[in-house]
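Asker: I'd like to ask some things about the structure below.
Just so it is clear, none of the values below were taken in a lab; they were calculated from the coordinates. Here the structure is a predicted model, which means the values were calculated and not measured. Using ideal geometry, Cβ is built from the backbone for each residue, glycine included, and neighbour counts are taken over all protein chains shown.
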Amino acid sequence: MMVQVTERDEALLAWLDVVRLADMDAVRWALGALSGAGEPVSLRRAQQWAVRMIGTGLLDRGRVAYRDGSIVWATYLAIGKPAPNLFRQTTRHEVAVATVSARYLAQGFTWRRDRKPNSVREHQADGVAERDGVVELVEVELTPKTWQRYQSICQSHAYRLAHEGIDRIAYFCTADADRAVTREADKHLVRSDRPRFVSQHSLDARGYWTGAELGAGAYATAHGRAALVVELDSSSSSGWGESTQVHA
C-alpha cells in the first residue's frame, strides 16, 4: 500500500536534514510547529508519524543506552546522506540541539545551520534562528568549557553582534554550564552587548529539556521583546523554505 507523503512530512524531513538527529520530544514539537499549532502534538501522534515515515523508507530510528526512547533521522533516500553514527560522542549534543530547535520552530522562527568559521578565531554556533528579520545565534551547552575557550567564543560573539546583524546570542544549558557561561559572559562582554547575550538552565546532563515550556510569544516576551512579539504574531506565516531552512 502506497503511503502518501505530505508537505508537512517533507518539511519535517528537511528539518531533520539540518539537525540530523532528533528524539520523539523534538519530533512532537516540530510536528506541532509545522502544523501551525505552536505547541507539541501528543507522543502517540509523533510515534505514529515516525512509523508511517519509516514505512516509506524516508526515516529510520535507533536507540542509545542513555536515552529512554528512540532517536530518528532522515535516510539516504530522503536527503542523500548516510545514516549517522549514534555512538559518536557528539550524539547527545546533536539530539539536544534538535530539542531546542524544535521549540524555536514552535515560536515561529526558522532554523538553519550557522555559517562555517572564516578563521580559527571565529566560533560556529549550533544554529541560527530567524523570525521576520530578528536573528539569533543559538548555542546548546551540556558541559562547561575552559575559561580560555569562553574568552575566544565571547570575542567572536561580540564581533558578530556588532558587524553581522545578529540581534541576540541565546544559550540553553545544563545547570553547571549555565553558571559557567553566565560568569564568563560577565567577564568578557562589554556592557552594551551583555543584555543581548542570554543563558538559561533548560537541559539536564543527558540533554533532556527540563526548563519551563513557553507558550506562543512568551519566549521573546520573557527577554524584553514584548513590543516586537506583538508585531511578529500579527504577521502572516511564511511558506516552506529550502532544504536547509525550515519555516513554521
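Asker: Can you give the relative contact order of region 1-137 as a percent, counting alpha carbon pairs under 8 Å and 6+ residues apart?
Answerer: After rounding, I find 25 percent.
Asker: Sticking with this structure for a sec: State, as an integer percentage, the relative contact order of region 1-71 based on alpha-carbon contacts under 8 Å between residues 6 or more apart.
Answerer: Relative contact order, region 1-71: 29 percent.
Asker: A further question follows. Just checking my list (1) 1.19; (2) 1.08; (3) 0.96 against Rg/Rh (Cα atoms, Kirkwood Rh) computed from this structure; which label fits?
Answerer: Looking at Rg/Rh (Cα atoms, Kirkwood Rh) for this model, the match is (3).
Asker: Just add up the charged neighbours of GLN47: K/R +1, D/E -1, any other residue whose Cβ is under 12 Å from the Cβ of GLN47.
Answerer: Spelling it out: positives minus negatives among the neighbours equals +3.
Asker: What is the set of long-range amide H partners of THR75 at a cut-off below 5 Å, with H atoms built 1.01 Å from backbone N?
Answerer: It is LEU59, ASP60, by chain and number.
Asker: Using r as the Cβ-Cβ distance of ASP193 and ALA37, and R0 as 51 Å, what FRET efficiency do you calculate, to the nearest 0.05?
Answerer: Using R0 = 51 Å, I get an efficiency of 0.90.
Asker: Something else now. Kindly write out, for region 101-112 in residue order, the coupling ³J(HN,Hα) from the Karplus curve 6.51 cos²θ - 1.76 cosθ + 1.60 (θ = phi - 60°), rounded to whole Hz, with x marking Gly and Pro.
Answerer: 4, 4, 6, 5, 4, 5, 8, x, 7, 8, 9, 9
Asker: Here's a follow-up. What percent do you get for the relative contact order of the chain when only Cα pairs under 8 Å and 6+ apart count?
Answerer: Computed value for the chain: 21 percent relative contact order.
Asker: Specify the angular offset, from 0 to 90 degrees and rounded to the nearest 10, of the alpha carbon long axis of helix 147-163 from the longest principal axis of the alpha carbons in the chain.
Answerer: That works out to roughly 90 degrees.
Asker: Next question, about the same structure. Could you give the length gained on full extension between ALA212 and GLN48, defined as 0.36 nm per residue of separation minus the Cα-Cα distance, in nm?
Answerer: Computed gain between ALA212 and GLN48 is 56.4 nm.
Asker: Tell me, what ³J(HN,Hα) does each residue in region 33-48 have, in order and in whole Hz, if you take phi through Karplus 6.51 cos²θ - 1.76 cosθ + 1.60 with θ = phi - 60° and put x for Gly and Pro?
Answerer: Rounded to whole hertz, the list is 4, 6, 8, x, 7, x, 8, x, 6, 5, 4, 4, 5, 5, 5, 5.
Asker: Have a look at the DSSP beta bridges in the chain and tell me what percent are antiparallel, nearest 5.
Answerer: 60 percent
Asker: Could I ask something else about it? If one computes the Cα centroid of region 1-57 and of region 159-176, what distance in Å separates the two points?
Answerer: Going from one Cα centre to the other spans 28 Å.
Asker: May I ask you to order 98-111, 52-65, 16-29 by the average number of other C-beta atoms within 10 Å around their residues, highest value first?
Answerer: Descending mean neighbour count gives 98-111, 16-29, 52-65.
Asker: Right, here's the next one. Grab the Cα-Cα distance for ASP176 and ALA83, subtract it from 0.36 nm times how many residues apart they are, and report the gain in nm with one decimal.
Answerer: Length difference between fully extended and current span is 30.3 nm.
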